[in-house]
Ligand code: HEM
């Protein structure tokens, strides 16, 4: 970090007037990202609010966010010292941990191991593909069962189990049945996690709320409990792995982390053994809620726009028919499917704010002085709905990502911001894009989706760390007769 010098008069970012005690907390509303977009129109892309007694600087718009998170990557790579962050992954979370040399080693190990088990080369991609294809097949079985006699059901919980199973297979070499209620409950409690950790969380910023009974305190308590429960689930699995560990055979990511960390290989020698459980918990938690929310949005958008669903199926039918299931290599041949996925991410912006950042030292951004340890909120929504960047950003138009030759416009897709940028960028981006491509293309190749005509479909959602669609009814039909072997 460079010491910010030569700015005799340190210009602080502008912002709304803060009230005593609560600051601007009461102004955030249910959808802070939308409030922040409105505030950015008044105060500019860098503005300051107060939450409780803490200053929070909010960054909006692609250019400003990239200048901060990419150009000043080190300075903006911190996380606030929130007490809720210390409850995640046994207090050794990489995703919620402070920026340091130890953190860099931790992120490197987590990232390279995740890639080694998913997208690093053709061989691992093929294995990953097989896990995903098996999960989609089982998901289709459950979808069809729930749609018996034309019934409608909310697909969110089934999507959660299918997505959690993919990451469980990578972490533990094990999947769980859709009928396993305990597993369903464990992975289904994630909304409480997001509500506490999402930007705008009041619990960490107004600690006195914990002093008397209120909904925020109850949320905080359940956050504590669900983190402990989730961590215990992983600890148990990792200790079973340690008992049966064989250095000659790496069965899954738990084994890989045991090999690197317990046995001090490379950067692993910097981390104590407890980091194995924490890293697995981080990956399992981060990989599951995000992708299941993405898949739920995809299904909602398919039923909301049946003509787009039809066009997607036509593309898939043209390229591979029913002869074989789509694979990673088919991505380039299915540009409309890819455009649909990017547009679903842009339009829903279902992770509207990143996890809160903090400054690691004093820094200047767009001429404004921001002191060290300031909390930073990054508004990804403002990038994906910027009227200067997108035509009709509030309309769902997958075609916007296709060029005049109907190929994917690579420049434009990089303009969608959902995995953040810079030092804290998500490490699950490639895995997620592949997983969502496979889920979407296989589901559409084999099934058609329709919504309940008695229920009005809305794009309203519940805000936690991710924006989740409200429950909606869907019915699924197989596009061809399944053979006995397949059912
Ligand atoms: C962090 C989005 C899937 C692992 C993040 C962040 C976002 C994000 C916005 C915060 C970045 C920041 O604070 O600046 C998403 C989306 C996903 C997804 C939209 C799916 C569509 C995954 C998956 C994994 C994963 C599948 C792993 C299996 C992580 C980790 C971090 C992270 C470990 C913390 C990075 C850090 O603090 O440096 N993700 N994520 N994510 N994500 Fe993801």
*Rounded to the nearest 0.05, what FRET efficiency do residue 86 and residue 459 have when you use their Cβ-Cβ distance and R0 = 45 Å?*
0.80
*Could you tell me which of rounded, prolate or oblate describes the stretch 424-478, using a ≥ b ≥ c as the square roots of the eigenvalues of the alpha-carbon gyration tensor, with rounded for a/c under 1.5 and, failing that, prolate when a/b is larger than b/c and oblate otherwise?*
oblate
*Sorted by average packing, counted as other Cβ atoms within 10 angstrom per residue and highest first, what order do 178-184, 92-98, 61-67 take?*
92-98, 61-67, 178-184
*Taking only the alpha-carbon atoms of the stretch 221-358, what semi-axes of the equivalent ellipsoid follow from 5 times the gyration tensor eigenvalues under a square root, in whole Å, largest first?*
38, 22, 14
*For helix 335-348, what angle does its Cα long axis make with the longest principal axis of the chain, in degrees from 0 to 90 and rounded to 10?*
40
*For the pair residue 249 and residue 53, what calculated FRET efficiency results from E = 1/(1 + (r/R0)^6), where r is the Cβ-Cβ distance and R0 = 51 Å, to the nearest 0.05?*
0.45
*asked:* Tell me the Kirkwood radius of the stretch 353-487: reciprocal of the mean inverse pair distance over distinct alpha-carbon atoms, in Å.
replied: 19.2
*In whole angstrom, how long is each semi-axis of the equivalent ellipsoid of the chain, when you take the square root of 5 times every eigenvalue of its Cα gyration tensor and sort them from largest down?*
36, 28, 22
*For residue 41 paired with residue 470, estimate the spin-label separation in nm (one decimal), with each label point 7 Å from Cα along the Cα-to-Cβ line.*
2.4
_Need one number for the stretch 1-123: average projected area of the convex hull over its C-alpha atoms, nm²._
11.3
*Based on the mean of other Cβ atoms within 10 Å per residue, sort peptides 163-175, 78-90, 34-46 so the most packed one is first.*
163-175, 78-90, 34-46
*Only helical DSSP H runs with n ≥ 4 go in: add -39500 (n - 2.57) per run for the chain, normalise by residue count and round the 222 nm mean residue ellipticity to 500 deg cm²/dmol.*
-14000 deg cm²/dmol
*How far is helix 101-116 tilted off the main Cα axis of the chain, in degrees rounded to 10, range 0 to 90?*
10
*asked:* What FRET efficiency comes out for residue 324 versus residue 27 if R0 is 35 angstrom and r is the Cβ-Cβ distance? Round to the nearest 0.05.
replied: 0.05
_Once you order the gyration tensor axes a ≥ b ≥ c over the Cα atoms, which shape class does the stretch 74-171 get: rounded for a/c under 1.5, otherwise prolate or oblate by comparing a/b with b/c?_
oblate
*Inter-probe distance in nm under a simple model that places probes 7 Å from Cα toward Cβ, at residue 265 and residue 19*: 5.7
*Expressed as a fraction of 2.2 N^0.38 Å, the rule-of-thumb size for a compact globular protein of N residues, what is the C-alpha radius of gyration of the stretch 269-317?*
1.95
*Take the alpha carbon atoms of the stretch 280-413, find their radius of gyration, then divide it by 2.2 N^0.38 Å using N residues; give the quotient.*
1.32
*the stretch 437-459 and the stretch 109-136: distance between their alpha carbon centers, rounded to Å*: 26
*Roughly what % of DSSP beta bridges within the chain run antiparallel, to the nearest 5?*
85
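Readers should treat all values here as calculations from the given coordinates under stated rules, not as data from a laboratory. Note that the coordinates shown come from a computational prediction; the quantities given were computed from them, not determined experimentally. Cβ sites come from the backbone with ideal geometry, for glycine too, and all protein chains shown count toward neighbours.
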